[in-house]
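Here's the structure, in structure tokens; my notes come after.
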Amino acid sequence: MDMLGGISAADFLRDYWQKKPLVIRQAFPGFQCPVSADELAGLACEEGVESRIVIENGDDHPWQLHNGPFSPDRFSTLPDQDWTLLVQGLDHWVPDVADLLEHFRFVPNWRLDDIMASYAPKGGSVGPHYDQYDVFLLQAQGHRRWTFGGHCDHTSPRVEGTPLRILSSWDGEETVTLAPGDMLYLPPGIGHHGVAEDDCITLSIGFRAPTIDDVLTGFTDFLCSQSDASDHLNDPGLKIQSNPGTIAPEVIDRLESVIREKLTNRRQLSLWFGQYATAPKSMDIVVPSDEPIAPEVFRELVLEGAQLRWNEGSRFAYHYIGEETALFVDGEQYLLKGDASPLAPLLCAGARIDMEALMAQVDDEAICGLLSNLYNQGSVYFE
């Protein structure tokens, strides 16, 4: 893949993914940033857009963090340099930015998170730090100098007196300057420090992985929501004990049996994880259509050649469960069988749906009903 500097996706995953950094010169040759600094500032003033300003040399203490939304005049009060504006989930608001994610789908959909934009004038930085997730840092405008290297974790010393997780004693191992179109891949836990050399914008393509706590609490909460969760433990074989205070081994055996039965139910685990992994990051983006359409109208639009694409904030995935195919869209599940099963991989392959392949599907009334439902709930739209 040219985006990976000539390395194949398979080789990248084998040799670099979650193992070591990679500097990729001109991953996107001639790259033009889809947004300007003024547009990022405008988004940072909007409700529902997660934004932050980091000022390195604050009045009261260094590394001040301010959370948006901001008033427009807030930007006129900032110093000439040494500050950074961060806009999270930029792909949710700008389709041209969302299109960048298509280049990274050699990693499963459920592992992709979002794209964050970082604007900074000269000297702007968020300090030396490390992330707990994989990230590609794409230079979109201007130049940023990156120092990176060395594994960090929760025991690494941090600067006190700031909510930012800034490393207090870290030197890094390598320094590079990225120009527009250059990209740096960093695995989780690798320390890094980026400093703007001029007015610059960096796009961070971030990935996600649930914590063990997320998995345990999420799945058990799901199990507790099932209809049989209110059933009581029974013990029809109860026997007299020599001491009533004893918790008999048979009781623990019964508890273990119940827990094992629930935790090893692969079907339930699959359905929960599909819903969990596709839950929208922002419910402000995936909203019902202002003008719902009937299945027959949806079919007509497809046959007329309209292009269908995902909502920028939507998430799609699927999983085979026996003879069924479970389609997961924005935290909801749809079980497909028989001729309907190929619809799931078709919808999940990329943000722009293959319309020629979809035309062969919309003659099916049930499929057309499902598709129009996805449209009406805001998960897809016609460009």
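Which one is farthest from the chain's Cα centre (by Cα) among residues in region 314-328 that are under 17 Å from S282 (Cα atoms) and assigned to a strand (DSSP E or B)? Even if it seems obvious, please write down each step before you answer.
Quick first cut of region 314-328, residues under 17 Å from S282 (Cα atoms) only: 314-316, 328.
Going one step further and asking which of them are assigned to a strand (DSSP E or B), we end up with 316, 328.
Numbers: F316: 12, F328: 15 Å.
For region 314-328, the residue satisfying everything is F328.
Quick one: which of A351, A306, A326 is within 20 Å of L269 (Cβ to Cβ) and touching a strand residue (DSSP E or B) at 6+ places or on another chain (Cβ under 8 Å)?
Within the list A351, A306, A326, the selection yields A326.
If you take the residues in region 329-372 that are outside any helix (DSSP H, G or I) and small (G, A, S), which one is nearest to Q307 (Cα to Cα)? So that I can check it myself, show each step before the final result.
Taking region 329-372 first, the residues outside any helix (DSSP H, G or I) are 329-337, 341-342, 349-354, 360-364.
Then keep just the ones that are small (G, A, S); that gives 331, 341, 349-351, 360.
On the way: G331: 24, S341: 22, A349: 15, G350: 13, A351: 11, A360: 15 Å.
Filtering region 329-372 for residues that are outside any helix (DSSP H, G or I) and small (G, A, S), the one nearest to Q307 (Cα to Cα) comes out as A351.
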Specify the residue that is nearest to D114 (Cα to Cα); the eligible residues are those in region 309-365 that are surrounded by fewer than 21 Cβ atoms within 10 Å (Cβ to Cβ) and among the hydroxyl-bearing types (S, T, Y). Y334
If I go through region 228-281 residue by residue, how many of them are touching a Phe, Trp or Tyr at 6+ places or on another chain (Cβ under 7 Å) and farther than 30 Å from H319 by Cβ? 0
What pairs come out if I take residues in region 41-54 that are in contact (Cβ under 8 Å) with a residue 40 or more places away in the chain and over 13 Å from F75 (Cβ atoms) and pair them with residues that are surrounded by 16 or more Cβ atoms within 10 Å (Cβ to Cβ) and aliphatic (A, V, I, L, M) whose C-beta lies under 6 Å away, six or more apart or interchain? V49/L43; V54/V126
Pairs please, first residue from region 340-361 and assigned by TED's automatic domain parsing to the domain that holds E304, second anywhere and assigned to a loop (DSSP other than H, G, I, E, B) and of a type in the set (A, V, I, L, M), Cβ atoms under 8 Å, 6+ apart in sequence or on different chains. L346/I353; L347/I353; M355/A306
Just a yes or no: is a residue in region 37-48 touching a Pro at 6+ places or on another chain (Cβ under 7 Å), in a loop (DSSP other than H, G, I, E, B) and modelled with pLDDT under 95? yes
So which residues in region 76-107 are farther than 22 Å from R144 by Cα and either over 22 Å from the mean Cα position of the chain (by Cα) or of a type in the set (D, E, K, R) (or both), if there are any at all? S76, T77, D96, D99, E102, R105
Within region 19-28, can one find any residue that is at pLDDT 95 or above, among the small types (G, A, S), farther than 21 Å from P108 by Cα and buried (at least 16 other Cβ atoms within 10 Å of the Cβ)? no
Report, by residue number, each residue of region 58-75 that is within 32 Å of the chain's Cα centre (by Cα) and either surrounded by fewer than 14 Cβ atoms within 10 Å (Cβ to Cβ) or part of a strand (DSSP E or B) (or both). P62, W63, Q64, L65, H66, N67, S71, P72, D73
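The values are calculated or read from the model by the stated rules, or taken from the named source; none is laboratory data. All values derive from a computational prediction rather than experimental measurement. Neighbour counts run over all protein chains shown; Cβ positions are idealised from the backbone, glycine included.
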